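Undergrad: Let me begin by handing over the structure; questions about it come next.
The values are calculated or read from the model by the stated rules, or taken from the named source; none is laboratory data. What you are looking at is a predicted structure, and each value in this text was computed from that prediction instead of being measured. Cβ placement follows ideal geometry from the backbone for every residue including glycine, while neighbour counts extend to all protein chains displayed. SASA here: full protein model, heavy atoms, side chains in, ligands and nucleic acids out. Shrake-Rupley method; radii C 1.70, N 1.55, O 1.52, S 1.80 Å.
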Amino acid sequence: GFIKQPFTSAGRIPTDKGYRYYVDRLMKKRGLTLREQAFINSNYRNIEHEMESILHRTLNILSFLSNYATFVAAPKIHKEERVYSYGITNILKLPEFRETDHLRPVLKLLEQEDILASILSEYSHVGETIIKIGSENKYRGIKECSVIVSSYQFEEYIAGIGVIGPTRMFY
């Protein structure tokens, strides 16, 4: 059950179960390269020190480095949570989403701030990075995607930042 053959003349590809096995047992964590570190550092120079500017810049950097769509929950102001996203056009470059039947549900979900907020809230655990692969996602629009969410803390507020891409993403 770790690989499947989508149609007779196709090669074999990992299933969600195969990707889960890879992520949990085989994947080696890697740090940032020196080039990536320099890119990140240069992008935070001369930035305004207000939370919204920092979040937007962070999404931009994460989207650029990953080539996937990114999203983040901003600290609650007046009990209203805002979710920002960036890099949605990165999805359009991926072969998995060339067909509109696969693309439409993902784009629709990425437009819904309340659902993105729910994903970030549900998948954010302090000190952990949560990876949901394909069918592990309970949200219909991203059943063919992988979602990676990490938490961050600003004062007493804990929120999440995430990446959405295909199940064959570079984890």
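Undergrad: Search region 51-69 for residues that are more than 16 Å from Phe170 (Cβ to Cβ) and of a type in the set (Lys, Arg) and pair each with any residue that is open to solvent by 70 Å² or more (accessible area, probe 1.4 Å) and assigned to a helix (DSSP H, G or I) when their beta-carbon atoms are under 9 Å apart and the residues are at least 6 apart or on different chains.
TA: Once the first residue is more than 16 Å from Phe170 (Cβ to Cβ) and of a type in the set (Lys, Arg) and sits in region 51-69, its partners that are open to solvent by 70 Å² or more (accessible area, probe 1.4 Å) and assigned to a helix (DSSP H, G or I) give Arg57/Tyr44.
Undergrad: When region 21-43 is examined, which residues are found to be among the hydroxyl-bearing types (Ser, Thr, Tyr) and open to solvent by less than 80 Å² (accessible area, probe 1.4 Å)? First the steps, then the outcome.
TA: So the first thing to find is which residues in region 21-43 are among the hydroxyl-bearing types (Ser, Thr, Tyr), and the list is 21-22, 33, 42.
Result: Thr33, Ser42.
Undergrad: Here is a follow-up. What number of residues within region 56-101 satisfy the criterion of being open to solvent by 90 Å² or more (accessible area, probe 1.4 Å) and closer than 16 Å to Gly162 by Cβ?
TA: 3
Undergrad: Return the pairs, sorted by first residue and then second, in which the second residue is among the basic types (Lys, Arg), the first residue lies in region 31-47 and is in contact (Cβ under 8 Å) with a residue 12 or more places away in the chain, the beta carbons are less than 9 Å apart, and the residues are 6+ apart or on different chains.
TA: Asn43/Arg57; Tyr44/Arg57
Undergrad: Oh, and also: Taking only region 124-151 into account, find how many residues are in contact (Cβ under 8 Å) with a residue 60 or more places away in the chain and either part of a strand (DSSP E or B) or open to solvent by 50 Å² or more (accessible area, probe 1.4 Å) (or both).
TA: Result for region 124-151: 5.
Undergrad: Can I ask one more? Kindly provide the set of residues from region 1-45 that are β-branched (Val, Ile, Thr) and touching a helix residue (DSSP H, G or I) at 6+ places or on another chain (Cβ under 7 Å), ordered by number.
TA: Matches in region 1-45: Ile3, Ile40.
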